1. For region 310-321, give me each residue that is in contact with a strand residue (DSSP E or B) (Cβ under 8 Å, 6 or more places away or on another chain) and either part of a helix (DSSP H, G or I) or more than 15 Å from F248 (Cα to Cα) (or both).
2. Taking the options R400, R311, R377, R339, name whichever one is touching a Phe, Trp or Tyr at 6+ places or on another chain (Cβ under 6 Å) and surrounded by fewer than 19 Cβ atoms within 10 Å (Cβ to Cβ).
3. In region 195-210, what count of residues is obtained for those that are within 15 Å of L224 (Cβ to Cβ) and open to solvent by 20 Å² or more (accessible area, probe 1.4 Å)?
4. Just for region 161-185: of the residues that are of a type outside the set (V, I, T), at pLDDT 90 or above and touching a Phe, Trp or Tyr at 6+ places or on another chain (Cβ under 8 Å), which one is most open to solvent (accessible area, probe 1.4 Å)?
5. If you scan region 363-374, which residues turn out to be surrounded by 13 or more Cβ atoms within 10 Å (Cβ to Cβ) and either polar (S, T, N, Q) or within 21 Å of F430 (Cβ to Cβ) (or both)?
6. Among what's in region 232-277 and is among the acidic types (D, E) and in a loop (DSSP other than H, G, I, E, B), pick the residue that is least open to solvent (accessible area, probe 1.4 Å).
7. Just give me the residues in region 410-429 being without any contact (Cβ under 8 Å) to a residue 40 or more places away in the chain, surrounded by 12 or more Cβ atoms within 10 Å (Cβ to Cβ), of a type outside the set (S, T, Y) and out of contact with any Asp or Glu (no Cβ under 6 Å at 6 or more places or on another chain), in sequence order.
Amino acid sequence: MKTFSLLLLLYVTISSAFPLAPETEDEGKNLQLVETYLQNFYNLERDKKPHLRNGGENVFAAKLKEMQEFFGLQVTGKPDLHTLEMMKKPRCGVPDIGQYVFTAGNPKWKKNNLTYRILNYTPKMRQADVDEAIQKALSIWSNVTPLTFRRVEDKDADIVISFAYRDHRDNSPFDGPNGQLAHAFQPGEGIGGDVHLDEEEAWTKYERGYNLFIVVAHELGHSLGLSHSSDPGALMYPAYSYTDPNEFLLPQDDIDGIQAIYGQSNTAVQPTGPVTPQACDPNLTFDAITSLRGEIIFFKGRYMLRKHPSRTETELNFISLFWPNLPSGIQAAYENVERDEVLVFKESKYWVIRGYDVAPGYPKPIHHLGFPKTIKRVNAAYSDETTGKTYFFVADRYWRYDENKKSMDHGYPRKIVSSFGKIGRVDAAFQKDGYVYFFHGTTQFQFDPRTKRIVRQMKSISWFNC
């Protein structure tokens with residue numbers, strides 16, 4: 001289980017888009033941003049100019065390093081581009097460090113049967129949709145613990161959920177759209193356990209704006225005693241990332257955290273959740289792999305790992321950060337370099353991606369490509385840009401598709417072993433520098449299509465400089 005701290009961020013911009021460095025004409029503006037941020041969230045004294053006074057520079061750098069370490073940034077003690085970008089994200093107004101104002105130690109509810117009340121509603125959503133989002137958010141915590149939640153009206157409740165404007169008399173005023181999204185109070189009397197949502201945000205039940213279910217589920221974790229996780233895939237991680245509520249599964253890190261407080265659920269079979277992929281995990285496998293404008297994209301669950309040939313580090317992102325309309329669990333993908341498109345597959349459907357946009361009119365059924373309707377999914381695919389042929393792998397067979405004629409070639413499917421050797425069933429594949437790389441579990445085969453031979457066998461994670 002990871003370290004926790006209390007805040008909520010929104011991470012919605014493309015990772016390559018950074019603000020101006022502090023050395024530019026915006027130096028004063030950026031310095032003010034950093035100072036205010038550290039004062040608000042990292043206990044930097046407000047009545048001083050720490051970067052100007054004797055010894056203050058060391059305090060300022062120390063606080064900045066503390067913030068950088070929490071977010072997994074390079075710890076420089078300087079307001080570099082990545083640090084400024086993180087500081088500009090909307091977030092809640094509760095500090096990331098220091099003792100909680102109501103209960104010292106590790107607060108928890110001293111009972112398992114809790115009540116909740118919805119004090120008011122936002123006009124931006126139907127009341128029924130608000131009720132559903134909150135009920136679903138509560139259920140993700142009750143499903144993995146002995147906790148139960150019962151709604152009450154017109155009486156005191158353990159957890160009161162409300163929408164509020166600006167200064168709402170709890171010493172944590174909201175600051176308008178796209179600023180502080182929400183905050184919650186850890187277990188305790190009075191305001192303890194309550195959830196406050198900024199009424200000025202664009203609340204929605206969909207992927208646009210701020211999905212109410214995702215935000216409330218996160219805040220309820222605080223209401224139950226959790227702070228923030230440094231696991232980037234956890235619900236309690238500071239960064240907001242949209243996940244389709246119908247596909248959401250509580251990550252294992254959050255399950256471990258809440259069960260450490262309240263114990264396991266009363267069900268016979270204990271629930272488990274997804275684990276955030278680690279690039280150098282020797283047991284890591286992939287759902288699909290494709291090239292994309294010079295990068296290699298490795299899909300795993302709701303994540304993708306981006307590997308650029310000129311960078312040593314591997315970047316982990318949510319798929320929804322780039323393509324909110326794509327599902328998680330992509331099963332196959334390939335790039336058509338000539339058309340600057342990537343096709344991704346899940347079950348019996350496929351989508352076409354052009355840059356950061358999903359092409360209109362998708363998803364479409366895979367049988368539009370020429371598959372018989374008995375084929376319900378594609379396991380892997382790659383496209384040979386020199387021949388215009390795309391290879392689709394299904395179980396122990398493969399099809400060949402002509403990108404120019406937009407039809408399947410005759411004489412297929414064929415056995416994989418007959419053309420590619422003993423590589424087993426293919427989990428993922430892509431082509432690079434004339435070679436085809438086939439992935440089977442934690443093993444990777446480098447195949448030379450010119451000699452039709454496997455020339456090397458490697459670990460699947462060999463691309464990550466582990």
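1. T314, E315, L316, N317, I319, listed by residue number.
2. Sole residue among the options that is touching a Phe, Trp or Tyr at 6+ places or on another chain (Cβ under 6 Å) and surrounded by fewer than 19 Cβ atoms within 10 Å (Cβ to Cβ): R400.
3. 0
4. Once the filter is applied, the top-ranked residue is Y165.
5. Selection gives I366, L369, F371.
6. Only one residue tops the list, namely D244.
7. Selection gives P413, R414, V417, F420, G421, I423, G424.
One line per residue, one yes/no per condition, for (1) assigned to a loop (DSSP other than H, G, I, E, B); (2) without any contact (Cβ under 8 Å) to a residue 24 or more places away in the chain:
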{"position": "H368", "(1), (2)": "no, yes"}
{"position": "Y382", "(1), (2)": "no, no"}
{"position": "T387", "(1), (2)": "yes, yes"}
{"position": "T390", "(1), (2)": "no, no"}
{"position": "F393", "(1), (2)": "no, no"}
{"position": "Y401", "(1), (2)": "no, no"}
{"position": "F439", "(1), (2)": "no, no"}
{"position": "Q446", "(1), (2)": "no, yes"}
{"position": "R456", "(1), (2)": "no, yes"}
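The values are calculated or read from the model by the stated rules, or taken from the named source; none is laboratory data. Small disclaimer: the values here were computed from a predicted structure and weren't measured. Virtual Cβ from ideal backbone geometry, glycine too; neighbours counted across all protein chains shown. Surface areas here come from the heavy atoms of the whole protein model, side chains and all, with no ligands, DNA or RNA. Shrake-Rupley method; radii C 1.70, N 1.55, O 1.52, S 1.80 Å.
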